[in-house]
1. Being buried (at least 21 other Cβ atoms within 10 Å of the Cβ), among the β-branched types (Val, Ile, Thr) and modelled with pLDDT of 75 or more, is that true of even one residue in segment 87-98?
2. Given the criterion in a strand (DSSP E or B) and over 30 Å from Asp376 (Cβ atoms), identify the matching residue among Arg465, Arg474.
3. For segment 433-446, does any single residue satisfy the condition of being within 30 Å of Gln74 (Cβ to Cβ), open to solvent by 50 Å² or more (accessible area, probe 1.4 Å) and at pLDDT below 85?
4. Just the residues that are open to solvent by less than 10 Å² (accessible area, probe 1.4 Å) and either closer than 16 Å to Ser225 by Cβ or of a type in the set (S, T, N, Q) (or both), please, taken from segment 154-169.
5. What strands (runs of 3 or more DSSP E) completely inside segment 233-310 contain at least 2 residues that are within 30 Å of Asp151 (Cβ to Cβ)?
6. Answer yes or no: is there a residue in segment 492-499 that is open to solvent by 30 Å² or more (accessible area, probe 1.4 Å) and closer than 23 Å to Leu407 by Cα.
7. In the set Asp151, Asp143, which member is touching a strand residue (DSSP E or B) at 6+ places or on another chain (Cβ under 9 Å), open to solvent by 30 Å² or more (accessible area, probe 1.4 Å), at pLDDT 85 or above and part of a loop (DSSP other than H, G, I, E, B)?
8. Open to solvent by 30 Å² or more (accessible area, probe 1.4 Å), more than 20 Å from Phe398 (Cα to Cα), part of a loop (DSSP other than H, G, I, E, B) and not polar (S, T, N, Q) - does that describe any residue in segment 509-529?
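The values are calculated or read from the model by the stated rules, or taken from the named source; none is laboratory data. Here the structure is a predicted model, which is why all the values come from computation and not from measurement. No Cβ is skipped: glycine too gets one built from the backbone with ideal geometry, and neighbour counts run over all protein chains shown. Surface accessibility is based on the protein's heavy atoms, side chains included, excluding ligands, DNA and RNA. Shrake-Rupley method; radii C 1.70, N 1.55, O 1.52, S 1.80 Å.
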Amino acid sequence: MSTLSEQIKRRRTFAIISHPDAGKTTLTEKFLLYGGAIQLAGSVKGKKTARHAVSDWMEIEKQRGISVTSSVMQFEYDGYCINILDTPGHQDFSEDTYRTLMAADSAVMVIDAAKGIEPQTRKLFKVCAMRDIPIFTFINKLDREARNPFDLLEELEQEFGIGTYPINWPIGCGVDFKGVFDREKREILAFNEFHNGQNKLKTIQCDITDTERLDELLGPYQRASLVDDIELLDGASYEFDLEKIRHGKLSPVFFGSALTNFGVETFLENFLKMTTPPLPRRCEEGEIDPFDEDFSAFVFKIQANMNKNHRDRIAFMRICSGKFEKDTEYLHVQQGKKIKLSQPQQMLAENREIISEAYAGDIIGVFDPGIFSIGDTICAPKSKVRFEGIPTFAPEHFAAIEQVDTLKRKQFVKGITQIAQEGAIQIFTEPGGGMERVIVGVVGVLQFEVLEYRLKNEYNVAIRREDLPYSYIRWLADPAVEPKSLNLTSDTKWVQDLKGNNLLIFVSEWNIQWAKDKNEGLQLMDFNRG
C-alpha cells in the first residue's frame, strides 16, 4: 500500500501549449499510446482512419480539426501517474488555455520546425514565465522541410529570454531526415518513416569519432555536418542545469516528428525525469504544501454537456494538497458550506471513470449542480484556505444576440447562462431590458461561432447575432455613480452584468479618455480581475 507521500511524488501534471497546427494534439495522442490509454492514435485530419483525436471531444472540434476547449487526460507510464492538460492552440481560446496553465506544474511547448515561434506561443509562454514553471520544448515535424535548428534555438532564446539545452540534435530534415543524435548517450536514433508509429525504435550505438560507421549510416556530407554541429553545441551552448530547468530559466529542447512517432518516447522518458512532482500553490494564507495531509483544490474549468445523454455540468478541479476521498464532506469556501463532491471522476477526454480517491497533482471532475465558479476553493473543513483567484480576461469583441423563436426563451437563458459560467463568454444586458436580447463579450471572435453552434446543438435554440463595434470595457469604480447622469459619446454604451454591476463599453481608447475628461472625478477600472 503506497503512502500519501509516495503517491504524490509519482504525479506529473503538465499542459501542452502551441500555435494551431504545430502538432500538439498529435503529440498528446502518442503519449496516450505509450501509456496504453488508447490502442490507436487518431489524427485530427487523418485519412487512414475515421477516428478523430481522442482529446477533441466536442463535435465542432471534430468538424473543424481544431481544439476549442481544454481536455484533461490521465494515464500511467513507467511508474508515473501523468495528468495531461491539452489546450486549444487558437488565440481566440487563449482564456481557456490561460486558466488551464494555472492548473499545471510544467508546460510542453510544441513548435513547428518550419515556422518557429508564432504569436500564440509567445503569449502563452509569458503566462508560464509569470508562474515560474518549467518549459520543455518539442520541435516537431522534422520529417518535413525545416528551418536551421541553430536559428530555431536562437529565436527561442531571444524571444523568451531563456537558455536552451538541446537533449538531442536532428540529422537533416524532410526527405533527408536521418534521425537524431542523443547528446547524453552519444548515440544515434535512426528515423524510419515506415514503422507507422507502432514500433519502439532501436538506437544505433555509434561514437561521433567513428567516421567509417557514420559515413555508412549518414553519408559523408551529413556526417561532417553532424560532427561540426555537435562540436559547436558542446563548446558553445548553455550547460545542463536541472535547477534552472525547474524554474523556467532553461528549456530542454527535443527534435522529432509526432506524426511518425519519432522522438516521442525519448521525449517522454527525459521529461518525466526532469520535471517536478506537484508544486506548492499560493493562497491568501501563504503557500500550501502538496504533501500536507489536508485535502485542498481549486476549480479551474467548468464544462456543460460533456455527456449528450445526461446534459450535465462538470467542474474540473486541480488537487493542490493531500488526498481526495469519495463521500467525504469538504468545505466550499466561497459559499461557506460543507458539501460532498458528487460523482468524482477522472477523464480520458470524454470517457470517464468514477473514482474513490485522488491525490495532489491530479485533476478530477465533479458534478456541478450550479454552485461552482471558476477560481473557487474546496478544502478540508478545518483548513479554510482560499486560493488566489484566476484573473478574467477583458472581452475585446461584442455582439447582441437573441433567440429566433421567442417561445424558446427558457432554453436560451439557460444555454447562455451555463456557457457563460464556463468562462468562455461574458454576458451583459442593457438596463431595463430583459434576457430576450443580451450582449455577449468574448476574447476571440471564434467564440461566437462556438456559442452559436452549442446553443443550436445542445439547447436546440437558433439565434440571431448582430456584431457591435465596441472593443473596450470598464467598470464604474463607484457603485453610487448613476450612469444615466454621465456625459458620454453616442458610441459609448452602458451595460450591466448579471449581478447588476454597471459597466461601460467603448469603441476606442479615445472614447474612454473623453468620458474621463467630461465627467470630473469619474473613475473607471480595468476589467481583468481575480
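1. No.
2. Details: Arg474 fails: over 30 Å from Asp376 (Cβ atoms).
After ruling out the rest, the residue left standing is Arg465.
3. Within segment 433-446, not a single residue is within 30 Å of Gln74 (Cβ to Cβ), open to solvent by 50 Å² or more (accessible area, probe 1.4 Å) and at pLDDT below 85.
4. Going residue by residue through segment 154-169, those that are open to solvent by less than 10 Å² (accessible area, probe 1.4 Å) are 156, 163-164, 166, 168-169.
Thr164, Pro166, Asn168, Trp169, listed by residue number.
5. Values: elements: 250-255, 281-283, 286-288, 296-304.
In segment 233-310, 250-255 are the strands (runs of 3 or more DSSP E) which contain 2 or more residues that are within 30 Å of Asp151 (Cβ to Cβ).
6. Restricting attention to segment 492-499, the residues satisfying the condition of being open to solvent by 30 Å² or more (accessible area, probe 1.4 Å) are 493-494, 496, 498-499.
Pick out the ones that are also closer than 23 Å to Leu407 by Cα and you get 498.
Checking segment 492-499: at least one residue is open to solvent by 30 Å² or more (accessible area, probe 1.4 Å) and closer than 23 Å to Leu407 by Cα.
7. Values: Asp151 fails: part of a loop (DSSP other than H, G, I, E, B).
Of Asp151, Asp143, the one residue that is touching a strand residue (DSSP E or B) at 6+ places or on another chain (Cβ under 9 Å), open to solvent by 30 Å² or more (accessible area, probe 1.4 Å), at pLDDT 85 or above and part of a loop (DSSP other than H, G, I, E, B) is Asp143.
8. yes
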